[in-house]
Amino acid sequence: MESLISGEYLMSIDSIICLISGAVIGLLAAQLFKGWGFGLIGNILIGLIGGVLGGAVFNNLDVMNLGDFADPIVAGLVGGTIFVGIAGLLRH
């Protein structure tokens with residue numbers, strides 16, 4: 001059984017794009033929901049984690065076919081958004 005996040009995926013440009021888009025979501029969440037999240041650095045870190053997890057899930061499911069760079073951007077944004085939202089709900 002293969003793990004969700006493989007070494008091959010982590011070394012790809014897709015994972016870097018997912019990291020960046022997850023960080024952007026964390027940054028936006030920190031700016032939009034001041035006092036609700038984990039602060040600027042915390043939200044960016046949570047967005048990074050969510051971006052990588054979202055990218056790994058989308059990569060393993062192979063559900064998207066938007067384009068070479070659009071797939072990891074959308075996967076990172078979705079994963080980061082979900083992860084930041086869940087973390088914010090669990091905090092409150």
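The values are calculated or read from the model by the stated rules, or taken from the named source; none is laboratory data. Every value quoted in this text rests on a predicted model; they were computed, and no experiment measured them. Virtual Cβ from ideal backbone geometry, glycine too; neighbours counted across all protein chains shown. Keep in mind that these areas ignore ligands, DNA and RNA; they rest on the heavy atoms of the full protein, side chains included. Shrake-Rupley method; radii C 1.70, N 1.55, O 1.52, S 1.80 Å.
Go through Ile82, Leu10, Phe38 and say which Cα lies farthest out towards the positive end of the charge dipole of the chain; charges sit on Cβ, +1 for Lys and Arg, -1 for Asp and Glu.
My answer, from the dipole projection, is Phe38.
So for the pair Val63, Leu45, with labels modelled 7 Å out along Cα→Cβ, what separation do we get in nm?
Between Val63 and Leu45, the label points sit 2.9 nm apart.
Nearest 500 deg cm²/dmol is fine: what mean residue ellipticity at 222 nm does the chain get from its DSSP H runs of n ≥ 4 alone, each adding -39,500 (n - 2.57), divided by its residue count?
That comes out to -25000 deg cm²/dmol.
Computing the accessible area with a 1.4 Å probe over protein heavy atoms, can you report the carbon and sulfur percentage for the chain?
Solvent-exposed carbon and sulfur of the chain make up 71 percent of the total.
Compute the accessible area per residue over the chain, keeping the other protein chains in place, probe 1.4 Å, unit Å². Display every interim value, and only then the final one.
Working: 5700 Å² over 92 residues.
Per residue, the chain has 62 Å² of solvent-accessible surface.
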